[in-house]
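Nothing in this text is a laboratory measurement; each read-out follows from the coordinates by a stated rule. Remember, it's a predicted structure, so these values are computed and weren't measured experimentally. In this analysis, Cβ positions are derived from the backbone assuming ideal geometry, glycine residues included, and neighbour counts consider all displayed protein chains.
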């Protein structure tokens, strides 16, 4: 009777340990954390006090409160602003409620509000940032034209690729 009791207590104690096949040593079992389902992970993203940054395929940056997300990464953002960066300056254009199709999402991330306020960038008005963006785009276009012309003069040509064409 005592052997059965000691055997039962040994088995119950071994339940919390595992034996290594390679070394034969006994060590405590690691508790496995329960994995969250996709829906639970999505619900963790959606909160009233957390801002999210969304980078789109066309290069636009949106910042707002995530209100809905599905398995295709379709998003609904609330109190959204479109942020435009030019050099060390940025401007925010209010957009309100914004629905984003999942195939256009490149990046979705939470914003740390404490670090956002410590940015070295200077906020400017909407008109000023749009003008600087237009000037920057014009400068890039002229530089690209000069590059293409220089290659053409040397007998080379680079086919223009459409950045939004997937096929």
Exercise. Once you put a point 7 Å from the Cα of residue 37 and another 7 Å from the Cα of residue 144, both along the Cβ direction, what distance in nm separates them?
Worked result: 4.6 nm
Problem set entry | For segment 53-95: rounded, prolate or oblate by the Cα gyration tensor [a/c cutoff 1.5] | oblate
Exercise. How would you classify segment 61-167 from its alpha-carbon gyration tensor, with a ≥ b ≥ c the square roots of the eigenvalues: rounded for a/c under 1.5, else prolate if a/b is greater than b/c, otherwise oblate?
Worked result: oblate
Problem set entry | segment 38-123: C-alpha gyration tensor shape, a/c 1.5 cut-off, then a/b vs b/c | prolate
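Please report 54, 106, 81 as a ranked list, fewest other C-beta atoms within 10 angstrom at the top and most at the bottom.
So the ranking, lowest neighbour count to highest, is 106, 81, 54.
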Problem set entry | For segment 42-139: relative contact order, % (alpha-carbon pairs under 8 angstrom, 6 or more apart) | 27 percent
Exercise. When a footprinting reagent is the concern and you count Cβ atoms within 10 Å, what order do 72, 65 take, fewest first?
Worked result: 72, 65
Exercise. Listing 67, 101 from the residue with the fewest other Cβ atoms within 10 Å to the one with the most, what is the order?
Worked result: 101, 67
